[in-house]
Amino acid sequence: MFSTEFLDLPPLQTAAGTVHLPGSKSISNRVLLLAALSAGRTTVHDLLDSDDTRVMLDALRQLGCGVKRSGSTAHITGLDGRIAAPGPLKLFLGNAGTAMRPLTAALAVLGGDFELDGVPRMRERPIGDLVDALRQLGCSIEDLGQPGYPPLRIGRPQLRLDAPIRVRGDVSSQFLTALLLALPLVARQDIVIEVVGELISKPYVEITLSLLARFGVAVRREGWQRFTLPAGSRLQSPGEIHVEADASSASYFIALGAIAATAAPLRIEGVGESSIQGDIRFIDAARQMGAEVTSFANALEVRRGAWPLKAIDLDCNHIPDAAMTLAVMALYADGTTTLRNIASWRVKETDRIAAMAIELRKLGAQVEEGADFLRVAPPARWRPAAIHTYDDHRVAMCFSLAAFNPAGVHVRILDPRCVGKTFPDYFEALFDTARTDTPHIPVICVDGPTASGKGTLASQLAQTLGYHYLDSGALYRITGLAARRAGLALDTAHEQSIARLAATLPVRFEGERVILGGEDVSEAIRSEAAGMDASQVSALPSVRSALVELQQSFRRLPGLVADGRDMGTVIFPDAPLKVFLTASAARRAERRHKQLISKGIPAKIDVLRADLEARDARDTQRAVAPLKPAQDALLLDNSDQGIAESVAQVLGWWEDKQSFRHA
Ligand SMILES: Nc1ncnc2c1ncn2[C@@H]1O[C@H](COP(=O)(O)OP(=O)(O)OP(=O)(O)O)[C@@H](O)[C@H]1O
Ligand SMILES: Nc1ccn([C@@H]2O[C@H](COP(=O)(O)O)[C@@H](O)[C@H]2O)c(=O)n1
């Protein structure tokens, strides 16, 4: 997951390959609650691991439910309708509506002493209609803040089950879902729920009914207005249950296929058209806009059909979450797209109608918003934009698709971490399937002499920007080590043999660790002797050539920071930012001395200084790719700068080269 402050998306061009979708949030949290309330032990496969499922699992643990997780499987020992820990208990439910609403209902009918709260946005998301319905039933619920919004305190109920319970259906279908999930716990007699107003997002209620059936509860329904939980209903674990992949998450990749899968279809694994999730009907909308979609049992293949996409005018009530993706597809359409009946967007993670309008306009689109609609005309001229994401995962994911714009303008996604709510590895999946010409992938080069702080600076830049990191010196160090181990003298007589070794190094980078042929050599290559060996092999032209391709292969989306001696001059001559980092020999020797001593390696400062000056001399004087600043490099002498200051300086230079308009 990218936990950076922002993530810059360079111009993306096409899409190909296969994406494996994570489990559905809606199904995961419903299944977890049902498993927790039912009798028996449930093994849940393919469970989504995200912020929202984590808050649900934490709450269930607090309530005394047995929870064991291993990877994407969870084993839940059900409470059989009795709360093991009836409080007093405070449950923090983040911004997870799929946890807040059903838990409120379940705990209110079972009774205890509970306080339910969440993040500040959760305190702005209405729950009053559900609370009203539960109060009709005789539940004890106290508003602890603004009436009708969390936080809530739940006490012991005096249940009255004989009259129908009336609940509003036109604000959020989660209120009805919450009642349906909770009422089997007290169905000593038939319990009737009547929906007031037109029920929105019916497909989510279908999911609820279908999962209740898996847990042994057959709800009778008359249209979408009246639901009856039969007397004697009891939640019973099905034993094993599989969570379908998330159909709303599929929408980003269906759109990606429609926009950018030009040569071959993009394969999306985990859901097919027969999914129980209503958002799968996004496929119909994508097809209307021109996508070519083929469905398999548990997968989809999508490719570009009509281009530009066709503008549509659509009632999106049945696909409220996935419809946000249509608003970004509209940027690529041949006219104005209108998305109707989306009032529920206003009470989601953020006011999504307002958020989408503001951010689409930043890209140059003409947008009109109404109480329950959004109208989008594509940009006449695309503008680079920094997209504010409002702590809303869907805003972040759908706006990533703007990076395929034909003008090639850059898109910055602020707070990309918010995708953790439903799809923590969304951007990794995007970068696996998106393709762009190599020159579009940004590289920052940091070259300079030994111990100037290149590695420290480059790895911190990479971390801040979410870019890959190449420590090219490590490759020469590994080559030196491999040559020594092969008994080769590090001289011109053995140049071809060492070059062959370099070309076929069985090397793997695992985070900070360097693995050579299965052995962890991270420590071995860091010695001063290994540095000297690296300096010797690096002076051999054939060795340098043998390593070029490997170094260039590190240039992958979303970008790269590379440190070494010839990054800017030879390996990435087209890099948009090149830094030549220096510090006085005395300062560098001091730093290296400190570094070695801190690792418990004895060292003498004057010996170190002599060694590094010898390495500098060899590096600068060799015939091939000598150490020197690239013509267009910016020079940075950090002799009197701390690490944070150097990082800030280079980030400032990088920012100066960007063209984002901040919100
Ligand atoms: N600006 C700085 N101020 C103080 N110390 C620094 C600074 N930059 C780096 N250092 C310290 O100097 C030491 C050497 O830094 P680093 O290993 O990053 O250098 P390098 O140029 O990558 O070296 P080499 O070329 O040998 O790999 C480290 O202990 C690091 O913490
Ligand atoms: N691009 C590069 C990187 C390194 N070298 C040589 O390898 C030696 C070790 O590098 P470190 O950065 O890990 O210290 C270095 O002294 C150079 O001789 C190189 O030539 N080109």
How many residues, within region 614-641, are within 13 Å of ligand 2 (Cβ to nearest atom) and in contact with a helix residue (DSSP H, G or I) (Cβ under 6 Å, 6 or more places away or on another chain)? 7
Of (1) within 18 Å of Leu256 (Cα to Cα); (2) touching a residue at least 40 places away in the same chain (Cβ under 8 Å), Arg417 fails just (1)
On the phi > 0 side of the Ramachandran plot and either buried (at least 19 other Cβ atoms within 10 Å of the Cβ) or of a type in the set (A, V, I, L, M) (or both), is that true of Gly78? no
Of all residues being closer than 30 Å to Tyr426 by Cβ and in contact with a Leu (Cβ under 8 Å, 6 or more places away or on another chain) in region 521-556, which is nearest to ligand 2 (Cβ to nearest atom)? Just the residue, please. Gln551
All but one of (1) out of contact with any Lys or Arg (no Cβ under 9 Å at 6 or more places or on another chain); (2) within 13 Å of ligand 2 (Cβ to nearest atom) hold for Ala644; which doesn't? (2)
Taking region 240-260 and keeping only residues that are crowded, with 24+ Cβ neighbours inside 10 Å and outside any helix (DSSP H, G or I), one is left with Val243, Ala245, Asp246
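Taking Ala493 as the residue in question, decide whether it is surrounded by fewer than 19 Cβ atoms within 10 Å (Cβ to Cβ), part of a helix (DSSP H, G or I) and more than 16 Å from ligand 2 (Cβ to nearest atom). Show your work before the answer.
Values: surrounded by fewer than 19 Cβ atoms within 10 Å (Cβ to Cβ): yes; part of a helix (DSSP H, G or I): yes; more than 16 Å from ligand 2 (Cβ to nearest atom): yes.
So Ala493 passes the test.
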Can you tell me which residue in region 422-441 is nearest to Pro10 (Cα to Cα), limited to those that are in contact with an Asp or Glu (Cβ under 8 Å, 6 or more places away or on another chain) and surrounded by 23 or more Cβ atoms within 10 Å (Cβ to Cβ)? Phe423
Enumeration of residues in region 169-188 that are surrounded by fewer than 24 Cβ atoms within 10 Å (Cβ to Cβ) and in contact with an Asp or Glu (Cβ under 9 Å, 6 or more places away or on another chain): Gly169, Asp170, Val171
List the residue pairs whose Cβ atoms are under 6 Å apart, where the first residue sits in region 250-276 and is closer than 16 Å to Arg287 by Cβ, the second is part of a loop (DSSP other than H, G, I, E, B) and of a type in the set (Phe, Trp, Tyr), and the two are 6 or more positions apart or on different chains. Gly272/Phe296
Given region 85-203, what helices (runs of 4 or more DSSP H) lie entirely inside it while holding 2 or more residues that are under 19 Å from Asp321 (Cα atoms)? 97-110, 174-182
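Counting only residues that are among the hydroxyl-bearing types (Ser, Thr, Tyr), at pLDDT 95 or above and within 16 Å of ligand 2 (Cβ to nearest atom), which one in region 442-467 is surrounded by the fewest Cβ atoms within 10 Å (Cβ to Cβ)?
Going residue by residue through region 442-467, those that are among the hydroxyl-bearing types (Ser, Thr, Tyr) are 450, 452, 456, 459, 464, 467.
So of that shortlist, the ones also at pLDDT 95 or above come out as 452, 456, 459, 464, 467.
Narrowing the set further to residues that are within 16 Å of ligand 2 (Cβ to nearest atom) leaves 452, 456, 459.
Working: Ser452: 28, Thr456: 19, Ser459: 17.
Looking at residues that are among the hydroxyl-bearing types (Ser, Thr, Tyr), at pLDDT 95 or above and within 16 Å of ligand 2 (Cβ to nearest atom), I get Ser459.
Conditions (1) more than 17 Å from Asp113 (Cα to Cα); (2) without any contact (Cβ under 8 Å) to a residue 12 or more places away in the chain; (3) surrounded by fewer than 17 Cβ atoms within 10 Å (Cβ to Cβ), marked per residue:
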| site | (1), (2), (3) |
| --- | --- |
| Ser38 | yes, no, no |
| Asp46 | yes, no, no |
| Met56 | yes, no, no |
| Leu63 | no, no, no |
| Arg69 | yes, no, yes |
| Ile83 | no, no, no |
| Pro88 | no, no, yes |
| Leu91 | no, no, no |
Ala623: more than 11 Å from ligand 1 (Cβ to nearest atom), free of Cβ contacts under 8 Å to residues at least 24 places away in the same chain, in the same structural domain as Gly564 (by TED's automatic domain parsing) and farther than 30 Å from Trp382 by Cα, yes or no? no
How many residues of region 330-363 are under 17 Å from Val409 (Cβ atoms) and surrounded by fewer than 19 Cβ atoms within 10 Å (Cβ to Cβ)? The answer is 1
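Please determine, by comparing only the residues of region 425-469 that are more than 16 Å from ligand 1 (Cβ to nearest atom) and of a type in the set (D, E, K, R), which one is farthest from Ser3 (Cα to Cα).
Filtering region 425-469 down to residues more than 16 Å from ligand 1 (Cβ to nearest atom) leaves 425-443, 465-468.
Those still in the list that are of a type in the set (D, E, K, R) too: 425, 428, 432, 435, 437.
On the way: Asp425: 11, Glu428: 12, Asp432: 18, Arg435: 23, Asp437: 26 Å.
Only one residue tops the list, namely Asp437.
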Of the criteria (1) within 11 Å of ligand 1 (Cβ to nearest atom); (2) under 20 Å from Gln536 (Cα atoms), which one Ala614 fails: (1)
Which numbered condition trips up Pro238, out of (1) over 24 Å from the mean Cα position of the chain (by Cα); (2) at pLDDT below 95? (2)
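Listed here are the residues, each with its yes/no results for (1) modelled with pLDDT of 95 or more; (2) within 35 Å of the chain's Cα centre (by Cα).
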| position | (1), (2) |
| --- | --- |
| Ala623 | no, no |
| Gln631 | yes, no |
| Leu636 | yes, yes |
| Ile643 | yes, yes |
| Val650 | yes, yes |
| Trp653 | yes, yes |
| Lys657 | no, yes |
| Phe660 | no, yes |
| Ala663 | no, yes |
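The values are calculated or read from the model by the stated rules, or taken from the named source; none is laboratory data. All values reported here derive from a predicted model rather than from experimental measurement. Don't worry about glycine lacking a Cβ; one is built from the backbone with ideal geometry, like all the others, and counts go over all protein chains shown.
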